[in-house]
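One structure below.
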């Protein structure tokens, strides 16, 4: 059995490449929230699209029924928040606003996310051309192909947080515990 850890998520390099696109424009502590927000948006959109295609194939017309998603613990993603809409706006000056509106729409349809998602993409930083480039990089990553496990999102976050803590320097590492240390502690306990 293959061990699920950050070293084998399958797309860690592409995620980090996306983060590096932004790194010259804004501080690591700030581009972290941009990248992690986009990872979340991409992941829920991919999961939604897989379920939506299944519902379309069934032919009963339930592909826009929120209950069909909620019963399988899949977040409902409104039309304006689906990744193909984000990707289509990637190289427009409005990309930040499009992403912010997507986050607001997701929160509106999924009450448990109210006031949780980042909505700071329309601010002057990050540069909108670079943000569009990051969206392009994420468009080519199909997270769902690397496993349908809900753990893929947490492992992706862990991979990014590890890299971000390296970039931010010594002080940032005090808030990140590498998975090998966690495993050792669990085994000892």
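Between residue 49 and residue 122, what FRET efficiency comes out of the Förster formula 1/(1 + (r/R0)^6) with R0 = 25 Å and r the beta carbon distance, rounded to 0.05? So, using R0 = 25 Å, E works out to roughly 0.50. Rounded to 0.05, the FRET efficiency of the residue 91 and residue 142 pair, given R0 = 22 Å and the Cβ-Cβ distance, is 0.60.
Between residue 60 and residue 111, the simple spin-label model (points 7 angstrom out along Cα→Cβ) gives 2.4 nm. Listed from fewest to most Cβ neighbours within 10 Å, the set 71, 52, 129 follows the order 71, 129, 52.
Bear in mind that the values in this text are calculations on the coordinates, not laboratory data. What you see is a predicted model, and the numbers here were worked out from it, not measured in a lab. Ideal geometry is used to build each Cβ from the backbone, glycine not excepted, and the neighbour counts take in all protein chains shown.
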